[in-house]
Amino acid sequence: EYQDLPPMPLPAPVKAFQSLWMAHHETNFGHPIPSPVRGMTWMGMGLMQNPIDMMMIQEALVSSKTNTVIEIGTLAGTSALYYSHLLHIMAEVGIIPSHPYRVITVDIRHGLIHDRFPHIVYLTGNSVEEDTVNRVSSHIP
C-alpha cells in the first residue's frame, strides 16, 4: 500500500503547468476541475495518467511501431493494462507483429495491482538499480 508514503512536493514548473492547464480547461469548457486525472478510469479501473499524455503515448507507439513498453511506476497497474490494450490493437490491425508484444512495468512494490494480465510483466525493484535494469532487459523480445 502507498498510504505510508509522504506526499511528494511538485516542482515549481509542474505546479505552473498544472495551473495553466486547469485555467485552460475552465476557460474552454466552462468549469474548473479539481485535478486533471481525478476520476479517470480505464476499463473501470482507477487511472492516474493524464489523458493528454495517454493520447501522446498512443501516437508515439503507433508512429514508432514498437512492440514493447517499459513503464516505471505501476501503482494499480491500470496504465500498464492500457498500454497492453494499445499493443493488442496495434497487432490486430497489423501495425506490429502479433507476437511477441509486452508491457514491462517496474515498481518498488506492487501492493495495489487490481489483477495480473497477459502480456504484462510485473517486476518489483528500484528502477535505477543494475539488477532491475538487467531483469527488465531480459524480458525485452
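Every read-out reported here was derived from the displayed coordinates using simple, explicitly stated rules and does not represent laboratory data. These numbers come from a predicted model, not from an experiment. Because the Cβ atoms are built from the backbone with ideal geometry, glycine has one as well, and the counts that use them run over all protein chains shown.
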Revision key, fill the gap. Counting only backbone N atoms under 18 Å from a point 7 Å out along Cα-to-Cβ of residue 98, the residues of segment 48-62 in range are none
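Specify whether the C-alpha gyration tensor of segment 85-141 places it in the rounded, prolate or oblate class, a ≥ b ≥ c being the square roots of the eigenvalues: rounded for a/c under 1.5, otherwise prolate if a/b is larger than b/c and oblate if not.
On the way: a/c = 3.45, a/b = 1.63, b/c = 2.11.
Oblate is the answer for segment 85-141, as a/c is 1.5 or above yet b/c matches or exceeds a/b.
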Study note, to complete from the structure: Highest mean packing first, using Cβ neighbours within 10 angstrom, the peptides 98-109, 116-127 sort as 98-109, 116-127
Check your understanding: Which of the peptides 72-80, 44-52 is most tightly packed, and how do the rest follow, going by the mean number of other Cβ atoms within 10 Å of each residue?
Key -> 72-80, 44-52
**Study point:** Mean separation of Cα contacts under 8 Å, 6 or more apart, over the residue count of segment 55-141: relative contact order %
**Key:** 30 percent
Exercise for review: Run the numbers on segment 34-104 and let me know its relative contact order in percent, using alpha-carbon pairs under 8 Å that are six or more apart.
Suggested key: 31 percent
